[in-house]
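S.K.: So that we are looking at the same thing, I have put the structure below in C-alpha coordinates.
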Amino acid sequence: DEASGDTAKARASVDRVLDLLRYRPPKPPVDRWERLLKLPVEEYPLRRERGGGFSLVSWALGSKVRLALKENDVARARRGADEYLGATLGRLAEIERGAKPLEDVAGGAAPGSDEERAFLDWLKQLQGETTRDARREVAAGRGLLASIADHEAKSGNARAALRIYRFLLRYPAPEPERRSVEVREGDLSRAMEGRGETLPPREPAPSRPWD
(Lines give C-alpha, C1' and ligand atoms only; values in the text may rest on other atoms or scores of the structure.)
Protein backbone atom coordinates (compact mmCIF):
# COMPACT_ATOMS: atom_id res chain seq x y z
CA ASP A 1 0.00 0.00 0.00
CA GLU A 2 2.82 2.41 0.86
CA ALA A 3 4.59 1.68 -2.43
CA SER A 4 1.36 2.33 -4.34
CA GLY A 5 0.96 5.73 -2.69
CA ASP A 6 -2.17 4.81 -0.71
CA THR A 7 -0.92 6.06 2.64
CA ALA A 8 -4.31 5.68 4.36
CA LYS A 9 -4.36 1.94 3.61
CA ALA A 10 -0.70 1.67 4.55
CA ARG A 11 -1.38 3.29 7.93
CA ALA A 12 -4.27 0.89 8.52
CA SER A 13 -2.01 -2.07 7.68
CA VAL A 14 0.69 -0.88 10.06
CA ASP A 15 -1.84 -0.38 12.85
CA ARG A 16 -3.15 -3.89 12.19
CA VAL A 17 0.34 -5.33 12.59
CA LEU A 18 0.74 -3.52 15.92
CA ASP A 19 -2.67 -4.77 17.07
CA LEU A 20 -1.76 -8.35 16.20
CA LEU A 21 1.45 -7.96 18.21
CA ARG A 22 -0.62 -6.58 21.11
CA TYR A 23 1.56 -3.50 21.14
CA ARG A 24 0.70 -0.74 23.58
CA PRO A 25 2.32 2.70 23.20
CA PRO A 26 4.75 3.41 26.05
CA LYS A 27 5.21 6.75 27.71
CA PRO A 28 8.43 8.19 26.22
CA PRO A 29 11.01 8.63 29.01
CA VAL A 30 11.77 12.24 29.84
CA ASP A 31 15.50 11.62 29.35
CA ARG A 32 15.10 9.92 25.96
CA TRP A 33 17.23 12.45 24.09
CA GLU A 34 20.07 12.24 26.60
CA ARG A 35 19.96 8.44 26.49
CA LEU A 36 20.09 8.53 22.70
CA LEU A 37 23.18 10.74 22.87
CA LYS A 38 24.95 8.30 25.20
CA LEU A 39 24.48 5.22 23.03
CA PRO A 40 27.80 3.71 21.97
CA VAL A 41 28.66 4.03 18.30
CA GLU A 42 27.81 0.77 16.57
CA GLU A 43 27.82 -0.10 12.93
CA TYR A 44 24.83 -1.02 10.82
CA PRO A 45 23.11 -3.03 9.46
CA LEU A 46 20.67 -4.05 12.14
CA ARG A 47 20.21 -7.81 12.16
CA ARG A 48 16.46 -7.84 12.66
CA GLU A 49 16.06 -11.62 12.46
CA ARG A 50 17.25 -11.94 16.08
CA GLY A 51 14.79 -9.34 17.37
CA GLY A 52 11.76 -11.50 16.70
CA GLY A 53 8.41 -9.84 17.23
CA PHE A 54 9.89 -6.61 18.56
CA SER A 55 11.65 -5.97 15.27
CA LEU A 56 8.21 -5.92 13.67
CA VAL A 57 7.19 -3.34 16.27
CA SER A 58 10.15 -1.09 15.53
CA TRP A 59 9.59 -1.49 11.77
CA ALA A 60 5.92 -0.56 12.17
CA LEU A 61 6.68 2.47 14.35
CA GLY A 62 9.28 3.68 11.88
CA SER A 63 6.78 3.22 9.06
CA LYS A 64 4.31 5.43 10.92
CA VAL A 65 6.86 8.25 10.91
CA ARG A 66 7.59 7.84 7.20
CA LEU A 67 3.90 7.75 6.34
CA ALA A 68 3.24 10.89 8.39
CA LEU A 69 5.91 12.71 6.38
CA LYS A 70 4.40 11.50 3.11
CA GLU A 71 1.14 13.04 4.29
CA ASN A 72 2.98 16.24 5.24
CA ASP A 73 2.01 15.83 8.89
CA VAL A 74 5.20 16.84 10.69
CA ALA A 75 3.55 17.00 14.11
CA ARG A 76 2.45 13.36 13.79
CA ALA A 77 5.91 12.40 12.55
CA ARG A 78 7.48 14.00 15.62
CA ARG A 79 5.07 12.17 17.92
CA GLY A 80 5.92 8.99 16.06
CA ALA A 81 9.66 9.51 16.58
CA ASP A 82 8.99 10.07 20.29
CA GLU A 83 7.00 6.84 20.41
CA TYR A 84 9.71 4.94 18.53
CA LEU A 85 12.34 6.04 21.03
CA GLY A 86 10.09 5.25 23.97
CA ALA A 87 9.46 1.73 22.69
CA THR A 88 13.04 0.91 21.70
CA LEU A 89 14.57 2.38 24.86
CA GLY A 90 12.06 0.41 26.91
CA ARG A 91 13.01 -2.76 25.10
CA LEU A 92 16.71 -2.10 25.67
CA ALA A 93 16.10 -1.50 29.39
CA GLU A 94 14.18 -4.77 29.66
CA ILE A 95 17.02 -6.69 28.03
CA GLU A 96 19.66 -5.07 30.22
CA ARG A 97 17.65 -5.71 33.39
CA GLY A 98 17.05 -9.30 32.40
CA ALA A 99 20.65 -10.11 31.50
CA LYS A 100 21.64 -12.70 34.11
CA PRO A 101 25.26 -13.63 34.76
CA LEU A 102 26.05 -16.78 32.87
CA GLU A 103 27.10 -18.43 36.13
CA ASP A 104 23.45 -18.21 37.20
CA VAL A 105 22.39 -19.97 34.03
CA ALA A 106 24.82 -22.73 34.87
CA GLY A 107 23.49 -23.02 38.41
CA GLY A 108 26.67 -21.56 39.87
CA ALA A 109 28.73 -24.56 38.85
CA ALA A 110 31.78 -24.30 36.65
CA PRO A 111 31.40 -26.05 33.29
CA GLY A 112 32.75 -29.55 33.64
CA SER A 113 33.15 -30.54 30.02
CA ASP A 114 34.20 -29.08 26.70
CA GLU A 115 30.58 -29.32 25.57
CA GLU A 116 29.34 -27.30 28.57
CA ARG A 117 32.06 -24.68 28.06
CA ALA A 118 31.19 -24.36 24.37
CA PHE A 119 27.49 -24.00 25.24
CA LEU A 120 28.17 -21.23 27.78
CA ASP A 121 30.45 -19.45 25.29
CA TRP A 122 27.60 -19.55 22.77
CA LEU A 123 25.16 -18.18 25.36
CA LYS A 124 27.55 -15.34 26.17
CA GLN A 125 27.90 -14.44 22.49
CA LEU A 126 24.13 -14.54 21.97
CA GLN A 127 23.55 -12.38 25.06
CA GLY A 128 25.96 -9.75 23.75
CA GLU A 129 24.44 -9.81 20.27
CA THR A 130 20.91 -9.34 21.66
CA THR A 131 21.98 -6.29 23.65
CA ARG A 132 23.84 -4.80 20.70
CA ASP A 133 20.85 -5.31 18.42
CA ALA A 134 18.57 -3.61 20.95
CA ARG A 135 20.96 -0.64 20.95
CA ARG A 136 20.86 -0.59 17.17
CA GLU A 137 17.07 -0.50 17.29
CA VAL A 138 17.32 2.67 19.40
CA ALA A 139 20.06 4.17 17.24
CA ALA A 140 17.94 3.67 14.11
CA GLY A 141 15.82 6.50 15.52
CA ARG A 142 18.56 8.85 14.30
CA GLY A 143 17.51 8.09 10.75
CA LEU A 144 13.91 8.98 11.58
CA LEU A 145 15.04 12.34 12.98
CA ALA A 146 17.13 13.00 9.87
CA SER A 147 14.09 12.23 7.69
CA ILE A 148 12.02 14.75 9.64
CA ALA A 149 14.79 17.34 9.25
CA ASP A 150 14.97 16.71 5.49
CA HIS A 151 11.22 17.19 5.21
CA GLU A 152 11.37 20.42 7.21
CA ALA A 153 14.14 21.73 4.94
CA LYS A 154 12.22 20.91 1.77
CA SER A 155 9.08 22.52 3.23
CA GLY A 156 10.89 25.80 3.89
CA ASN A 157 11.21 25.35 7.66
CA ALA A 158 14.97 25.84 7.59
CA ARG A 159 15.46 26.73 11.25
CA ALA A 160 13.54 23.67 12.41
CA ALA A 161 15.61 21.47 10.09
CA LEU A 162 18.88 23.06 11.17
CA ARG A 163 18.05 22.45 14.82
CA ILE A 164 17.54 18.72 14.19
CA TYR A 165 20.72 18.41 12.12
CA ARG A 166 22.75 20.13 14.83
CA PHE A 167 21.17 17.93 17.49
CA LEU A 168 22.23 14.86 15.51
CA LEU A 169 25.78 16.20 15.26
CA ARG A 170 26.10 16.46 19.04
CA TYR A 171 27.14 12.85 19.42
CA PRO A 172 29.31 10.32 17.59
CA ALA A 173 27.71 8.34 14.79
CA PRO A 174 29.02 5.80 12.31
CA GLU A 175 30.35 6.98 8.98
CA PRO A 176 28.97 7.77 6.47
CA GLU A 177 25.94 8.71 8.58
CA ARG A 178 27.65 11.57 10.36
CA ARG A 179 29.23 12.90 7.18
CA SER A 180 25.83 12.87 5.45
CA VAL A 181 24.29 14.98 8.22
CA GLU A 182 27.28 17.35 8.20
CA VAL A 183 26.85 17.93 4.46
CA ARG A 184 23.13 18.62 4.80
CA GLU A 185 23.68 20.95 7.75
CA GLY A 186 26.39 22.83 5.86
CA ASP A 187 24.34 23.14 2.66
CA LEU A 188 21.34 24.43 4.59
CA SER A 189 23.41 26.92 6.60
CA ARG A 190 24.95 28.35 3.43
CA ALA A 191 21.55 28.60 1.76
CA MET A 192 20.15 30.47 4.77
CA GLU A 193 23.12 32.86 4.77
CA GLY A 194 22.66 33.41 1.05
CA ARG A 195 19.09 34.49 1.73
CA GLY A 196 20.31 36.92 4.36
CA GLU A 197 18.89 34.92 7.27
CA THR A 198 20.56 35.01 10.68
CA LEU A 199 21.78 31.59 11.71
CA PRO A 200 21.24 30.39 15.27
CA PRO A 201 24.51 30.05 17.21
CA ARG A 202 26.26 26.70 16.98
CA GLU A 203 26.99 26.61 20.69
CA PRO A 204 25.47 25.38 22.80
CA ALA A 205 24.20 22.69 20.46
CA PRO A 206 20.51 21.84 20.88
CA SER A 207 19.84 19.31 23.65
CA ARG A 208 16.53 18.36 22.00
CA PRO A 209 15.55 18.15 18.33
CA TRP A 210 12.41 20.23 19.00
CA ASP A 211 10.45 21.68 21.92
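S.K.: So which residues in the range 4-28 are open to solvent by less than 50 Å² (accessible area, probe 1.4 Å) and over 14 Å from Arg66 (Cα atoms), if there are any at all?
M.R.: Of all residues in the range 4-28, those open to solvent by less than 50 Å² (accessible area, probe 1.4 Å) come to 7, 10, 14, 17-18, 23, 26, 28.
Hits for the range 4-28 are Val17, Leu18, Tyr23, Pro26, Pro28.
S.K.: Mind listing whichever residues of the range 1-17 are under 12 Å from Ser58 (Cα atoms) and modelled with pLDDT of 90 or more? Break it down into steps so the answer makes sense when it comes.
M.R.: Going through the range 1-17, the residues under 12 Å from Ser58 (Cα atoms) turn out to be 14, 17.
Matches in the range 1-17: Val14 only.
S.K.: Moving on to the next point. So is Leu56 among the aliphatic types (A, V, I, L, M), modelled with pLDDT under 85 and either farther than 22 Å from Leu145 by Cα or part of a loop (DSSP other than H, G, I, E, B) (or both) or not?
M.R.: Values: among the aliphatic types (A, V, I, L, M): yes; modelled with pLDDT under 85: yes; either farther than 22 Å from Leu145 by Cα or part of a loop (DSSP other than H, G, I, E, B) (or both): no.
So Leu56 does not fit the description; no.
S.K.: Looking at the structure I just gave you, is Asp211 open to solvent by 30 Å² or more (accessible area, probe 1.4 Å), at pLDDT below 90 and acidic (Asp, Glu)? Before the answer, list the steps.
M.R.: Working: open to solvent by 30 Å² or more (accessible area, probe 1.4 Å): yes; at pLDDT below 90: yes; acidic (Asp, Glu): yes.
The answer is yes for Asp211.
S.K.: Another question, then. Any residue that is at pLDDT 85 or above, out of contact with any strand residue (DSSP E or B) (no Cβ under 8 Å at 6 or more places or on another chain) and not acidic (Asp, Glu) - is there at least one of those in the range 112-133? Spell out how you get there, then give the answer.
M.R.: Going residue by residue through the range 112-133, those that are at pLDDT 85 or above are none.
The answer is no, given that none of the residues of the range 112-133 is at pLDDT 85 or above, out of contact with any strand residue (DSSP E or B) (no Cβ under 8 Å at 6 or more places or on another chain) and not acidic (Asp, Glu).
S.K.: Still on this model: Which numbered condition trips up Tyr84, out of (1) closer than 30 Å to Pro172 by Cβ; (2) open to solvent by 60 Å² or more (accessible area, probe 1.4 Å); (3) at pLDDT 90 or above?
M.R.: Result: Tyr84 passes all but (2).
S.K.: Which of the residues that make up the range 134-148 are touching a Pro at 6+ places or on another chain (Cβ under 9 Å) and farther than 10 Å from Leu89 by Cα?
M.R.: From the range 134-148, those touching a Pro at 6+ places or on another chain (Cβ under 9 Å) are 135-136, 139, 145, 148; that's our starting set.
Scanning the range 134-148 gives Arg136, Leu145, Ile148.
S.K.: Kindly check whether there is at least one residue in the range 63-81 that is within 23 Å of Asp150 (Cα to Cα), among the hydrophobic types (A, V, I, L, M, F, W, C), at pLDDT below 80 and open to solvent by less than 80 Å² (accessible area, probe 1.4 Å). Outline the logic, then answer.
M.R.: Residues of the range 63-81 within 23 Å of Asp150 (Cα to Cα): 63-81.
Pick out the ones that are also among the hydrophobic types (A, V, I, L, M, F, W, C) and you get 65, 67-69, 74-75, 77, 81.
The next check asks that each one be at pLDDT below 80; those that pass are none.
Checked the range 63-81: no residue is within 23 Å of Asp150 (Cα to Cα), among the hydrophobic types (A, V, I, L, M, F, W, C), at pLDDT below 80 and open to solvent by less than 80 Å² (accessible area, probe 1.4 Å).
S.K.: Please state which one of Arg170, Arg184, Arg190, Arg178 is closer than 28 Å to Arg35 by Cβ, at pLDDT 95 or above and among the charged types (D, E, K, R). Write out each step before concluding.
M.R.: Details: Arg170 fails: at pLDDT 95 or above; Arg190 fails: closer than 28 Å to Arg35 by Cβ; Arg178 fails: at pLDDT 95 or above.
Exactly one of Arg170, Arg184, Arg190, Arg178 is closer than 28 Å to Arg35 by Cβ, at pLDDT 95 or above and among the charged types (D, E, K, R), namely Arg184.
The values are calculated or read from the model by the stated rules, or taken from the named source; none is laboratory data. Please read these numbers as outputs of a predicted model, since none were measured by experiment. For neighbour counting, all protein chains shown are included, and Cβ atoms are generated from backbone atoms with ideal geometry for every residue, glycine included. Areas reflect the complete protein model, heavy atoms only, side chains present, ligands, DNA and RNA absent. Shrake-Rupley method; radii C 1.70, N 1.55, O 1.52, S 1.80 Å.
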